[in-house]
Amino acid sequence: MQIQAAVLNTPQGQLEIETLELEAPRELEIRVRLVATGVCHTDISVMGRPFPVSQPIVLGHEGTGIVESIGSAVTKVKVGDRVVLSYNFCGECPSCQRHAPSYCHYFFGHNFLGQRRDGSTALSRQGQPVRHNFFGQSSFATHCLCSENNAVKVPDSVPNEVFELLGPLGCGIQTGAGAVINVLKPQMGESFVVFGAGAVGLAGLMAAKAIGAAVLIAVDKVPERLTLATDLGATHTVLADGQTDVVARIREITGGGAQCSLDTTAVSVVLRQALDCLGSLGRCGFVGGAPLGTTLEVDVRDMMLNGKTLRGIVEGDANADAFIPDLIRMQAQGSFPFEKLMKIYPFDAIDQAIKDAKSGVTVKPVLRMPA
Ligand SMILES: [Zn+2]
Ligand SMILES: [Zn+2]
């Protein structure tokens, strides 16, 4: 069938909305008519090349939509079901077997290569292949193929106006909230610091508040983001303006050091601050996609004597089938208002949406697909 998709044709190029041909789903594949797709910083990173992908490719990996057609062996969903699309994984390797699919041994191949396992691609343009399957979806498009593994069924109770905002739960929101709820686990009354008050960081902040952290500190270099962080529950903010001693300020607020910190910036000097601001037995998590070869110097003696933990986290350690419905329930109860991070753009305004995400004007752009 013919679809509309935003194609990245050259490295560091602009996206161009074009008509492409999408194959019918194979045995284990699902075709989804996308309703909306979030813009994630990983899409933007890939366009800027820190994680190189081959072109032409259709990016987009925070899709939400309606199942339109299923392969003969698909049992998890049926035509007409509403789904959120998350990251892809093999389902068979030791990590997947241990219910840790975000550490799938074949994560790169399933999410970044832009093809099926057999090397084929479901998209084409005038007979020439266009890469698909970015994060198992390539959802900057009116339609895409995904698999049973990365399609999460949306409960019938979710109203349509919330449904169209669910795509980012499949990546950015799940990453921040999962890092806090599944890994760092701040206890009642503890302190939590987030470095980077973007969609991932603010999702982490809201999650920390929801599960009972008492001192919630947001650090960012954009004042408006800190205002939003305060609206979402931050008890303190620190402007990283190059003048303020961020670590000293956090130590002062927390009376000696924080219990939990989350770095979402993927900048080594900031990650080091996230470690240094911790007190005894502090836990630091980090989630950003740093460029290949990025290294971090740590104070080994400080880490050891204070029992500090540093943990890399992919996709919030989340098992999307269970975690996304949890986040939806938290939103319905008012304890996790992710809608406050989002702004809807029409699909053909994708360039503006990306520009606004890059500049920070919009925390989480969501592209509404043409009906
Ligand atoms: Zn796997
Ligand atoms: Zn993402």
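Please turn the phi angles of region 296-307 into ³J(HN,Hα) values with the Karplus equation 6.51 cos²θ - 1.76 cosθ + 1.60 (θ = phi - 60°), one per residue in order, whole Hz, x for glycine and proline.
Working through the residues one at a time gives 9, 9, 10, 8, 4, 5, 5, 4, 6, 5, 9, x Hz.
Write out the GluC sites (Glu not before Pro) in region 2-92 meeting two conditions: DSSP loop, and at most 14 other Cβ atoms within 10 Å of their Cβ.
In loop regions of region 2-92 (DSSP not H, G, I, E or B), the sparsely surrounded GluC sites (Glu not before Pro) are Glu27, Glu92.
Would you mind giving the average projected area, over all directions, of the Cα convex hull of region 176-314 in nm² with one decimal?
7.5 nm²
What residues qualify as long-range amide H neighbours of Cys284, i.e. H under 5 Å apart, gap of 5 or more or another chain, H built at 1.01 Å from N?
Ser261, Thr309, Leu310, Arg311
When the convex hull of the Cα atoms of region 125-236 is projected onto a plane and the area is averaged over all directions, what value comes out in nm²?
That works out to 9.9 nm².
Return a single number: how many Lys pairs in the chain, at a sequence separation of 8 or more or on separate chains, have alpha-carbon atoms below 21 angstrom apart.
Counting lysine pairs in the chain gives 17.
In the chain, what % of DSSP beta bridges are antiparallel (nearest 5)?
Expressed as a percentage, antiparallel bridges in the chain total about 55.
For the chain, what's the relative contact order in percent, using C-alpha pairs closer than 8 Å and at least 6 residues apart?
Reported as a whole number, the value is 17 percent.
For Gln4 and Arg98 in one chain, what is 0.36 nm times their gap in residues minus the Cα-Cα distance, to one decimal in nm?
30.0 nm
For Glu68, list long-range residues whose amide hydrogen, built 1.01 Å from N in the peptide plane, is under 5 Å from its own amide hydrogen.
Under 5 Å from the amide H of Glu68: Arg31, Val32, Arg33, Gly80.
Amide H neighbours of Ile17 under 5 Å, at least 5 residues apart or on other chains, H built in the peptide plane: list them.
Distant-sequence amide H within range of Ile17: Val7.
Label-point separation (nm) for Met188 and Ser54, each offset 7 Å from Cα along Cα-to-Cβ?
A separation of 5.5 nm, rounded to one decimal place.
What is the Cα radius of gyration of the chain over 2.2 N^0.38 Å, N being its residue count?
It is 0.97.
Would you mind estimating how fast region 273-371 diffuses translationally, via Stokes-Einstein at 10 °C and 1.306 mPa s with the Kirkwood radius over Cα pairs, in µm²/s?
92 µm²/s
Can you give the FRET efficiency to the nearest 0.05 for Arg311 and Ala371, using r as the Cβ-Cβ distance and R₀ = 51 Å?
According to the calculation, E is roughly 0.75.
Only the coordinates and a few stated rules stand behind these numbers; no lab work does. Bear in mind the structure is a predicted one, so any value in this text is a computation, not a measurement. Every residue, glycine among them, receives a Cβ derived from its backbone with ideal geometry; neighbour counts consider all protein chains shown.
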